[in-house]
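Everything on this sheet refers to the single structure shown next.
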Amino acid sequence: MNDNHPRVIVALDFANPMQALGLAERLDPHDCGLKVGKELFVAGGPEPVRWMVERGFNVFLDLKFHDIPNTVARACAAATRVGVWMMNVHAAGGRAMLKAARDAVSATAAETGRTRPLLIAVTALTSLDHAALREVGVELDAGRYVLRLAALARDCGLDGIVCSAVEAPAMRSAFGAEFSLVTPGIRLAGAARDDQARIVTPEAAAEAGADYLVIGRPITGAGDPVAALAAINQALGHPA
Ligand code: C5P
């Protein structure tokens with residue numbers, strides 16, 4: 001992990017780009033990165049992302065690409081040209097797709113003189129339980145399946161994975177210090193869980209080995225999002 005990057009990534013899960021940018025405008029790129037997912041990207045396209053990049057934010061483009069290698073490579077190249085700091089693909093897309101994505105990101109960054117974005121793998125979706133995995137033909141238990149996909153991603157030169165903080169210690173010991181662990185499912189002590197089944201506090205996630213913490217509603221839904229982020233950063237020991 002590069003210690004110069006803020007550890008908190010605020011998930012801007014808004015359908016309305018103006019709402020997302022209104023919140024981003026109140027935040028400082030030194031204090032957090034921003035995550036743009038499918039809802040905001042489909043509603044607003046790349047312009048809001050460019051706006052965030054120009055303001056100096058680390059932007060995590062969370063579109064979870066999964067397609068034939070050529071298509072994913074071209075999408076990753078396009079995201080690199082927009083200037084995102086991190087993007088993700090499904091490890092289940094397989095070795096050829098993962099390598100094509102990695103090569104496209106590296107080549108496009110070199111061509112455009114940009115820092116190479118981090119390429120992160122999604123392993124098993126946390127919404128899939130044992131029965132759902134079996135139904136799509138996965139006979140491994142979820143833990144082994146996640147490990148299998150994470151190992152494939154690392155073998156293909158990806159920079160890390162999205163995982164729950166609960167899984168982080170096992171991933172850290174399996175894949176070492178250089179593999180970035182990006183963890184959602186963060187809640188402040190005593191706060192609403194929303195629809196997250198397994199939640200962990202920011203401090204516990206950091207303690208478990210998470211490099212980057214994706215946090216949405218505890219910040220975006222707070223009466224004062226700036227204060228909520230500041231409190232989380234303080235708990236993480238991030239300098240004000
Ligand atoms: O609002 P909340 O903090 O739950 O937002 C978490 C973010 O992380 C959302 O954008 C959600 O889509 C994403 N995410 C997740 N669980 C995963 C993968 C991604 O919550 N397993």
Any idea which of (1) open to solvent by 20 Å² or more (accessible area, probe 1.4 Å); (2) within 17 Å of the chain's Cα centre (by Cα); (3) more than 22 Å from residue 6 (Cα to Cα); (4) within 16 Å of the ligand (Cβ to nearest atom) is the one residue 146 doesn't satisfy? (1)
Give the residue that is nearest to residue 35 (Cα to Cα), with candidates limited to residues of segment 159-185 that are without any contact (Cβ under 8 Å) to a residue 40 or more places away in the chain and within 14 Å of the chain's Cα centre (by Cα). 183
If you go through segment 78-121 one residue at a time, how many are touching a strand residue (DSSP E or B) at 6+ places or on another chain (Cβ under 7 Å) and of a type in the set (D, E, K, R)? 1
List every residue pair whose Cβ atoms sit under 7 Å apart, with the two residues 6 or more apart in sequence or on different chains, where the first one lies in segment 213-231 and is open to solvent by less than 50 Å² (accessible area, probe 1.4 Å) and the second, anywhere, is more than 7 Å from the ligand (Cβ to nearest atom) and of a type in the set (S, T, N, Q). 213/183; 214/183
Has segment 175-185 got any residue that is more than 21 Å from residue 64 (Cα to Cα) and in contact with a helix residue (DSSP H, G or I) (Cβ under 8 Å, 6 or more places away or on another chain)? yes
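Of the residues 95, 55, 7, which single one is more than 27 Å from residue 146 (Cβ to Cβ) and either more than 16 Å from the ligand (Cβ to nearest atom) or within 18 Å of the chain's Cα centre (by Cα) (or both)?
Being more than 27 Å from residue 146 (Cβ to Cβ) and either more than 16 Å from the ligand (Cβ to nearest atom) or within 18 Å of the chain's Cα centre (by Cα) (or both) holds for just one of 95, 55, 7, which is 55.
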Over segment 153-200, the set of residues open to solvent by 40 Å² or more (accessible area, probe 1.4 Å) and aliphatic (A, V, I, L, M) is 166, 170, 174, 177, 188, 189, 191, 192, 197, 199
Long-range neighbours under 6 Å by Cβ, at least six apart or interchain, first residue assigned to a helix (DSSP H, G or I) within segment 146-158, second among the polar types (S, T, N, Q): 146/123; 149/123; 150/123
When you scan segment 159-173, how many residues do you find that are in contact with a Ser or Thr (Cβ under 7 Å, 6 or more places away or on another chain) and assigned to a helix (DSSP H, G or I)? 1
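The values are calculated or read from the model by the stated rules, or taken from the named source; none is laboratory data. Just so it is clear, the model here is predicted, and its values are computed rather than measured. Using ideal geometry, Cβ is built from the backbone for each residue, glycine included, and neighbour counts are taken over all protein chains shown. These accessible areas exclude ligands, DNA and RNA; they are computed on the full protein's heavy atoms, side chains included. Shrake-Rupley method; radii C 1.70, N 1.55, O 1.52, S 1.80 Å.
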